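**Student:** Quick one: structure below, then a few questions.
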Amino acid sequence: MKQVWVFDKFWIIWSSCLDKPRTINEIQDFWGYGGNALYQKGMNKPIWKEMLEQGFIETKGKVKVRGVSGDLIYGRLEWITDYLEAESKERVKQDNDMLFRLFKCIDNKKKLVYYLDNNRTVFFLLPRLRLLFGDKEGLRANYELCITAPIIVVFNYYIISTLNKKLSLDLDSIFLFSQSLVFTPYLKTNFLGYYKSVIKELSLKELPTGIFNEAETFRLWKSQAKDILNQLNL
């Protein structure tokens with residue numbers, strides 16, 4: 001069955017009303033859309049109305065600007081675990097099981113969503129998303145980062161904080177964990193800029209326990225690192 005998230009405008013709309021409620025017109029103005037681009041039809045109705053009916057967004061009343069009334073819409077997060085689970089199973093069919101294995105490292109998916117929900121302005125601040133994607137074309141081309149970028153940051157924060165607590169690592173050791181972020185050329189996005197902006201705020205907050213399965217997380221990391229090192233013939 002075709003899902004409304006197959007439309008690229010879905011991701012523009014959804015990600016742009018996560019930090020606070022906005023109207024479609026406000027979102028259009030922010031990303032530089034002209035006319036009624038974000039009012040386009042989905043399966044049967046305008047995409048934003050189908051998103052509303054299917055629970056991807058909710059309304060927070062109406063607002064009138066220059067005599068024009070519009071619905072304030074607010075993105076919902078509960079559906080993202082179902083989306084990731086469905087996507088992970090599709091990737092397995094394509095001989096790519098990494099997302100599926102990462103998903104297994106999350107013990108309490110509801111708690112992860114709750115954490116993201118309670119830190120919306122950290123992960124989804126709209127200017128911060130523009131830093132990540134650059135412009136609407138970058139967002140459309142890399143839409144899954146709307147979900148995966150915050151989770152990557154949380155994974156990284158969890159791993160570093162866990163190792164620091166268990167091993168009392170000094171700064172010279174901790175800096176090694178940044179190499180995968182620094183030495184990866186994200187040509188179409190600015191993930192490193194996004195990461196640094198988010199982690200600066202996130203590190204001031206305590207990461208809740210019980211989100212990740214520690215044994216599964218480090219088992220996966222160790223097995224993948226071992227495979228990589230074996231290929232290097234060091």
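The values are calculated or read from the model by the stated rules, or taken from the named source; none is laboratory data. Every value quoted in this text rests on a predicted model; they were computed, and no experiment measured them. For neighbour counting, all protein chains shown are included, and Cβ atoms are generated from backbone atoms with ideal geometry for every residue, glycine included.
**Student:** Regarding Ile24, is this residue over 24 Å from Glu201 (Cβ atoms), under 22 Å from the mean Cα position of the chain (by Cα) and not aromatic (Phe, Trp, Tyr)?
**Tutor:** The answer is yes for Ile24.
**Student:** Let me ask you something else. Of the residues that sit in region 117-154 and are over 16 Å from Leu18 (Cα atoms) and under 12 Å from the mean Cα position of the chain (by Cα), which one is surrounded by the fewest Cβ atoms within 10 Å (Cβ to Cβ)?
**Tutor:** Restricting to residues being over 16 Å from Leu18 (Cα atoms) and under 12 Å from the mean Cα position of the chain (by Cα), the top hit is Ile152.
**Student:** Of all residues in region 197-217, count the ones that are in contact with a helix residue (DSSP H, G or I) (Cβ under 9 Å, 6 or more places away or on another chain), assigned to a helix (DSSP H, G or I) and not aliphatic (A, V, I, L, M).
**Tutor:** Count: 5.
**Student:** Looking at Leu169, is it out of contact with any Gly (no Cβ under 8 Å at 6 or more places or on another chain) and without any contact (Cβ under 8 Å) to a residue 12 or more places away in the chain?
**Tutor:** Taking the combined requirement at face value, the residue satisfies it.
**Student:** If I filter region 56-115 down to residues being among the acidic types (Asp, Glu) and exposed (fewer than 11 other Cβ atoms within 10 Å of the Cβ), which single residue comes out as farthest from Leu126 (Cα to Cα)?
**Tutor:** Selected residue: Asp95.
**Student:** Same structure again: Name the helices (runs of 4 or more DSSP H) wholly within region 3-54 that hold at least 3 residues that are touching a Cys at 6+ places or on another chain (Cβ under 8 Å), touching a residue at least 24 places away in the same chain (Cβ under 8 Å) and under 24 Å from Gly134 (Cβ atoms)?
**Tutor:** Because the criterion is at least 3 residues that are touching a Cys at 6+ places or on another chain (Cβ under 8 Å), touching a residue at least 24 places away in the same chain (Cβ under 8 Å) and under 24 Å from Gly134 (Cβ atoms), the helices (runs of 4 or more DSSP H) in region 3-54 that meet it are 8-15.
**Student:** Looking at region 191-210, I want the residues that are within 18 Å of Leu112 (Cβ to Cβ) and have a partner that is assigned to a loop (DSSP other than H, G, I, E, B) with Cβ atoms under 6 Å, at least 6 apart or on another chain. Which pairs are those?
**Tutor:** Gly210/Asn108
**Student:** Quick check on this structure: which one of Leu187, Leu176 is in a loop (DSSP other than H, G, I, E, B) and at pLDDT below 90?
**Tutor:** Leu187
**Student:** How many of the residues making up region 150-173 are part of a helix (DSSP H, G or I) and small (Gly, Ala, Ser)?
**Tutor:** Count: 2.
**Student:** Could you please tell me which pairs satisfy a Cβ distance under 6 Å, a separation of 6+ or placement on different chains, a first residue in region 211-226 that is closer than 21 Å to Leu116 by Cβ, and a second residue that is part of a helix (DSSP H, G or I)?
**Tutor:** Between residues of region 211-226 that are closer than 21 Å to Leu116 by Cβ and residues that are part of a helix (DSSP H, G or I), the close pairs are Ile211/Lys111; Ile211/Leu112; Phe212/Tyr158; Glu216/Lys104.
**Student:** Would it be correct to say that Leu84 is in the same structural domain as Tyr143 (by TED's automatic domain parsing) and in contact (Cβ under 8 Å) with a residue 60 or more places away in the chain?
**Tutor:** yes
**Student:** Give the residues of region 195-227 that are among the polar types (S, T, N, Q) and closer than 19 Å to Leu102 by Cα, sorted by residue number.
**Tutor:** Thr209, Asn213, Thr217, Ser223, Gln224
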